[in-house]
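Structure first, then comments.
The values are calculated or read from the model by the stated rules, or taken from the named source; none is laboratory data. All of these numbers come straight from a predicted model, not from anything done at the bench. Because the Cβ atoms are built from the backbone with ideal geometry, glycine has one as well, and the counts that use them run over all protein chains shown. Ligands, DNA and RNA are excluded from the accessible area calculation, which covers all protein heavy atoms including side chains. Shrake-Rupley method; radii C 1.70, N 1.55, O 1.52, S 1.80 Å.
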Amino acid sequence: RRARGGGVGGRGEAKVNLRGASRIRDYLTSHYDNVEVLLTREDNTELVAGDKGADLRARVMLGVDNNADIVVSLHLNASENHKQRGSMVCISKQPNITEQSKKLADCILSRLESLGLKNNGTLKRNSGDTFDENGEPVDYYAICRHGAYNDLIAIIVESCFIDNETDAKFISTSEALDTLAEAESKGIMEFLTKYYVKKEK
């Protein structure tokens, strides 16, 4: 199976996300047979420099072009009061991928919850200015939106709140990142082995 990890955001978040994605790749490829993981980046560079929208689309299209089964975009959350905590996964509301996206999200969230992270569930968000041919709002999040357009399961994992003292311990050391990556890896493989239904192209 092919999974994709990565992340965008501030410099600190981007560095932690890249480390996490690399650890997920290493765990999946060393613990499971016939698994291929493609990272969208190996360093702190963008696929399309200076154009965030095009860059996000390129991330999903990398998965499409490589016949990926899922796209997993890694992020870290933050809040204004620095008191919010826990994990959340953004998924598409489009009917072609929403059910499978929810199952993937729940598999990952349950593993993170087992570490002690609060399970904040899944989030679907409508775009306020972009609509489909029927006048219905499309997904706000570009990763989810482009995934749905291409019939590819694409989710955004907000692993924890980077600015919360309780959550920060999950990314504070190399060992903690390994534990987080192992949990997310197991969630991914639980979905792929138990719930994933491959669509005919």
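To the nearest 10 Å², what's THR45's accessible area with a 1.4 Å probe?
Accessible area of THR45: about 80 Å².
At 222 nm, what helix-only mean residue ellipticity would the chain give, in deg cm²/dmol to the nearest 500, using -39500 (n - 2.57) for each DSSP H run of four or more?
Calculated mean residue ellipticity at 222 nm is -14000 deg cm²/dmol.
Ranked from the most accessible area to the least, with a 1.4 Å probe and all protein chains present, what is the order of GLU113, GLU184?
Largest accessible area first, the list is GLU113, GLU184.
Running a GNM on the chain with Cα contacts under 10 Å, which residue among GLY147, GLY63, GLY53 ends up with the highest mean-square fluctuation?
Maximum among the listed residues: GLY53.
Classify region 12-119 from the C-alpha gyration tensor, please: rounded if a/c falls under 1.5, else prolate or oblate depending on whether a/b exceeds b/c.
Cα axes put region 12-119 in the rounded bin.
Over all alpha-carbon pairs of the chain, lay out the pair-distance distribution in 5 Å bins, whole %, shortest bin first.
That works out to 1, 8, 16, 22, 21, 17, 10, 3, 1, 0, in percent per bin.
Please name which of PHE131, GLY147, PHE161 has its Cα lying farthest along the dipole of region 113-175 towards the positive end, using unit charges on Cβ (Lys, Arg +1; Asp, Glu -1) and the Cα centre as origin.
PHE161
Out of region 14-75, which GluC sites (Glu not before Pro) are coil in DSSP terms and have no more than 15 other C-beta atoms within 10 Å?
GLU42
Skip the ligands, DNA and RNA, and give the accessible area per residue of region 52-201 with a 1.4 Å probe, whole Å².
48
Calculate how many DSSP beta bridges within the chain are antiparallel, expressed in % of all such bridges and rounded to the nearest 5.
25
log₁₀ I(q)/I(0) of region 110-175 at q = 0.12, 0.21, 0.26 Å⁻¹, via Debye over equal Cα point scatterers, no solvent, to two decimals?
Cα-only, vacuum Debye calculation for region 110-175: -0.47, -0.91, -1.11.
How large a share of the accessible area of the chain, in percent, is made up of carbon and sulfur atoms when the probe is 1.4 Å and the other protein chains stay in place?
Of the solvent-accessible surface of the chain, carbon and sulfur hold 45 percent.
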